Structures are given as structure tokens and as C-alpha cells.
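What follows is a set of notes on a single structure, which appears directly below.
The values are calculated or read from the model by the stated rules, or taken from the named source; none is laboratory data. Since the model is a prediction, treat every value here as computed from it, not as a measurement. Please note: Cβ atoms are built from the backbone with ideal geometry, for glycine as well, and neighbour counts cover all protein chains shown. Accessible surface is based on the protein model in full, side chains and every heavy atom, while ligands, DNA and RNA are left aside. Shrake-Rupley method; radii C 1.70, N 1.55, O 1.52, S 1.80 Å.
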Amino acid sequence: MTDGLAERAATQPAGHRADLEPSFVAGRTYATRRRVGKVDAPLVLCLMIVAIGLIPFNLIVPGMTDLARPGLIMALGLFGWWFITRFTTHLSMRGPQPLRWALVFFMMSVLLSYAVGFMRGLTTMEANGADRSLLFFCALAGIILMTADGLPNWERLRAVVNVVVVVAALMAVIGLMQYMFSVDLTQYLIIPGLQSKYDALGFMMRGSSYRVAGTTAHYIELATVLALALPYAVHVARFGEKRWQKQLSLVSAALIAAGVGATISRTGILAIGVMFMCLVPVWNWRMRFNVAVLSVGLLGVLAAVSPGLYRTLFSIFSNASDDSSVSARYERYPMVFAYVGQHPWLGRGTGTWIPPQYQILDNQWLVTLLTNGVFGVVALAALHITGIVLAYRALKRSANDAEKHLCAVVLSTQVMALLVAGTFDSLSFTTYAVVMALSLGLCGAVWRLTHPEPQIRTSTTRWFLGGAYRPEVAR
């Protein structure tokens, strides 16, 4: 039996051995990674994206908390799935993955602050908030880990990216229809078996225009979710496998950009600016010219179709110093640092800064500083920075332009995440946090799929032939 397996491995072309090794680990494993199983991690991730993006935020499983959104339940399942595979040698990814260690560091800060909070003594609201946050961070960890370790090849990774683009485009369409017709379409999105936990946010006037939130919990959340999805749409529009796919993604990119405008959010527009800063260096001059022309054209259409929206978007930047939402943020700083001084290193306790018991800060870095201390801020920043470094290293060793561009795209999403965390309490909004965690996991996935060692690229790191490790076969 062993000789037969060795002979099969030796006769495979060198370029395909990395795709054929699982069958040498155990007799009943599949023979090639390109064979798609009925249920795998990419499929569950795609279903989660659809559920979290298209099912309104306030629809949950009856009798449970807001963490009972269908998409979040899938995310918690991914967390358990990843841990179960760790106990099965031939199913788990045991090669190096720096993102795992960054996540361990972050979860350690969360757990230490969680313990400190209960040692301090918590109100009922704070205790419930701490428990909720711990479960939520486990769900985000499941998304990050299964995305980083569970995408077997570029084909399945591209499938996940395509779903992100389509879902974001549909979210943008819902938001744009709300803006144009002043009708909350989410009230008609009724899913059997789910109940409404909260009332929909409704519309809010800013300048002479309405702000819309679509299926998300807040206007800023919709803006940031669409901003994170926009670079993926640009990527597929440029490198889609088929002509119709490129054309559809180009339309999707325009819809997503317009959807950001309909939220009338400084945060969303700044995030798009960051996207351009990250992607322009990897674009050729033709791509830069095309994007510039399309951007000017989109602004021209916006000015013609909705002059009020155009003026409002201009005013939120030109009059930012007189904006009460901006000044209110600054006015809270003395109060925040007074609290921080009481528990500077590990904070007041994970998830314990709960409105309405405490004020809304609109700044995730300040919330993390209050609840998880300096240690937590460093851990959260390290998580994003690790993703950026992994994506950059993957970009440098990518084999073709499409892979390079996708690496730049996932890198840009983490730079955006660093920025927007300073403009709203980002981890309090579940739709945004799920998309951000997925993008972070993609940083780990592209790092692995571009790694020069086949033991790290593929779905397992060791080959066993009759119980003996054979590194010459793995190579």
C-alpha cells in the first residue's frame, strides 16, 4: 500500500503535487483540492455573507439576543468548526499562519479584560454586555480563522469575493431606492421564523437630503460596509474571468459608490479615499485614467440627478468644524481619559461600556481603550497591522497581476478599518464587523496561497506514507 502511494506521488507532475497530497494522508480523503465538496468553508462563508448583508439587522431568532442574527449564528458555527478540525490531523491546517498568533494576542486581551471587569463588580447591564461581547469576538474569530485556513485555492477564494461584490451591490440598491423614494424597503423583507428585535432606524435629514441605512443598523455602518466592498468590485471588474462578469462588477462598483454617497457619511467617503491611496500604486496608467474618468462621470451624474445630495456631501467636509457631531466627539475626551486613568492597562472590562448607561463615543479606539485598556488597543492594532503585513508580503511574491491586485485590495480594507475605527464605534455594528473580519481572514489566505512552500500553501502540512514522513514527496 505504501509503495503504491509513493509511486502515485512520484509520477504526478511537479506543478500539481501540491493539489494531490491529501490522498496520501489517509485513504478516504479526497484526491484533489480542486474537487469541491458539498459543504466546505467557502460555501458557509458565502451563505454567511448573504445572510448578514441582505437580512435586515433587526431580524433575529425568536427569544434570543441580537447575536442571534442568522449570519452571526453561522459565524459561531465556523468558530466551533475550526476548533474541531484542530483535533483531526489530516483535516487541519497545521502550517505557520501569523494571523492566528495575532488573533491569540487579541483574544488574550479580551479574556483578561473580561476577568478584570467581573473582579471590579458589574451592573446587570454591564455583565450582559460583557458576555455578549465575548461571544461576538468568538464569532469574529471563527470568520477570521476559517477564511485564513479554510479557503483551499484561488478558485474558491474568488468565489467568496464574487459573493461579497454581489451582496454589497444589492445592499447599495436597497439604500439607493430608500433614498430616491423615501420608502423603507426593509420592512418588506420578512423572513419566516425570524422576529424583529428593534425598530428600523428610519430616515434622518442631513442638509437637504435624507440619510439611509439599508439593511444595516446605522447610516455610517452602511457606508463603511460598502466602502470595504468597493475595492473587491473594482478587482472583479478588472480581473473577472468572463466579460459579462467584468461588466456586471463595473455596474456593481458604480452602485456601491453611489450607495456610499446616499448615506451622506464622511467616514465612508474618507474610506474610499484610503482605498484609492492603497490601490493607485499597483494600477497601470490606463487603469488610473479609466478610474479617474469613471469617478468624474459618476460625480457629474450625481450633480445632475440629485443636486441637493451633491451640495450636502460637499458641505459635510467644508463645514466640518461647525458640525455638532464632530464637536461632540471632542467634548467627550476629558471624560474618557478620566475613566481610562482608573484602569489604564486592562480597562474597565470587555463590553462593559454600554449605552445608555454610558455615553456613545463614536470612536472604537476610545471604546477599546476604556474597556480593554492599553493592552487591548495594542492587540486590536496588531491584528489589523498583521493583516496589512501579510497582504503586502503576498503582493510582493504574487505570480501574476490578478493576484497582486487582490492582495492590494485586501490590504486596503485593513487600512480602511484602522481609519474608520476612529470615526465610529465600529465593533458595535455586527454587519460591518463581519465584513471586516472576512477581509482580515483574506489577508491570511492570500499570504498562505502565495507562500513558496507547498506544505503551507495546501490543505495540510505533512504527508504520511505508511506512517512515515516523506518530505521529498511533499516537494
Within the stretch 170-189, count every residue that is free of Cβ contacts under 8 Å to residues at least 24 places away in the same chain and either open to solvent by 80 Å² or more (accessible area, probe 1.4 Å) or aromatic (Phe, Trp, Tyr) (or both). 4
Criterion first (in a helix (DSSP H, G or I) and closer than 27 Å to ALA217 by Cβ) does LEU99 satisfy it? no
Just checking, how many residues over the stretch 111-154 are closer than 19 Å to ILE456 by Cβ, in a helix (DSSP H, G or I) and open to solvent by less than 30 Å² (accessible area, probe 1.4 Å)? 7
Is the stretch 356-375 home to any residue that is modelled with pLDDT of 95 or more, within 25 Å of TYR432 (Cα to Cα), surrounded by fewer than 18 Cβ atoms within 10 Å (Cβ to Cβ) and of a type in the set (Val, Ile, Thr)? yes
Is there a residue in the stretch 268-279 that is within 20 Å of the chain's Cα centre (by Cα), small (Gly, Ala, Ser) and open to solvent by 10 Å² or more (accessible area, probe 1.4 Å)? yes
Kindly list the number of the only condition in (1) touching a Leu at 6+ places or on another chain (Cβ under 8 Å); (2) closer than 25 Å to ARG288 by Cα that fails for THR215. (2)
Just need a number here: residues in the stretch 231-248 that are in a loop (DSSP other than H, G, I, E, B) and open to solvent by 60 Å² or more (accessible area, probe 1.4 Å). 2
Among the numbered criteria (1) in contact with a helix residue (DSSP H, G or I) (Cβ under 7 Å, 6 or more places away or on another chain); (2) open to solvent by 20 Å² or more (accessible area, probe 1.4 Å); (3) closer than 30 Å to ARG448 by Cα, which one does MET108 miss? (1)
Pick from the stretch 190-230, criterion modelled with pLDDT under 85 and among the small types (Gly, Ala, Ser), ranking: surrounded by the most Cβ atoms within 10 Å (Cβ to Cβ): SER209
Search result, residues across the stretch 340-355 that are closer than 20 Å to THR430 by Cβ and open to solvent by 10 Å² or more (accessible area, probe 1.4 Å): GLY351, TRP353, ILE354, PRO355
Here is a list of conditions, (1) part of a helix (DSSP H, G or I); (2) buried (at least 21 other Cβ atoms within 10 Å of the Cβ); (3) of a type in the set (A, V, I, L, M, F, W, C), and VAL251 meets all of them except one; can you say which number that is? (2)
How about the stretch 235-262: which of its residues are of a type outside the set (A, V, I, L, M) and in contact with a Ser or Thr (Cβ under 9 Å, 6 or more places away or on another chain)? HIS235, ARG238, GLY240, GLY261
Residue under evaluation LEU78, criteria (1) in a helix (DSSP H, G or I); (2) surrounded by fewer than 16 Cβ atoms within 10 Å (Cβ to Cβ), criterion not met: (2)
Six or more apart or on different chains, Cβ under 7 Å: which pairs go from a residue in the stretch 210-224 that's touching a residue at least 24 places away in the same chain (Cβ under 8 Å) and basic (Lys, Arg) to one that's surrounded by fewer than 24 Cβ atoms within 10 Å (Cβ to Cβ) and not in a helix (DSSP H, G or I)? Could you list them? ARG211/PHE203; ARG211/MET204
Which count do you get for residues in the stretch 411-430 that are crowded, with 23+ Cβ neighbours inside 10 Å and either without any contact (Cβ under 8 Å) to a residue 40 or more places away in the chain or in contact with a Gly (Cβ under 7 Å, 6 or more places away or on another chain) (or both)? 1
Looking at GLY297 and the list (1) surrounded by 18 or more Cβ atoms within 10 Å (Cβ to Cβ); (2) within 30 Å of MET177 (Cβ to Cβ); (3) small (Gly, Ala, Ser), which single condition is not satisfied? (1)
Is it the case that TYR392 is crowded, with 24+ Cβ neighbours inside 10 Å, in a helix (DSSP H, G or I) and among the aromatic types (Phe, Trp, Tyr)? no
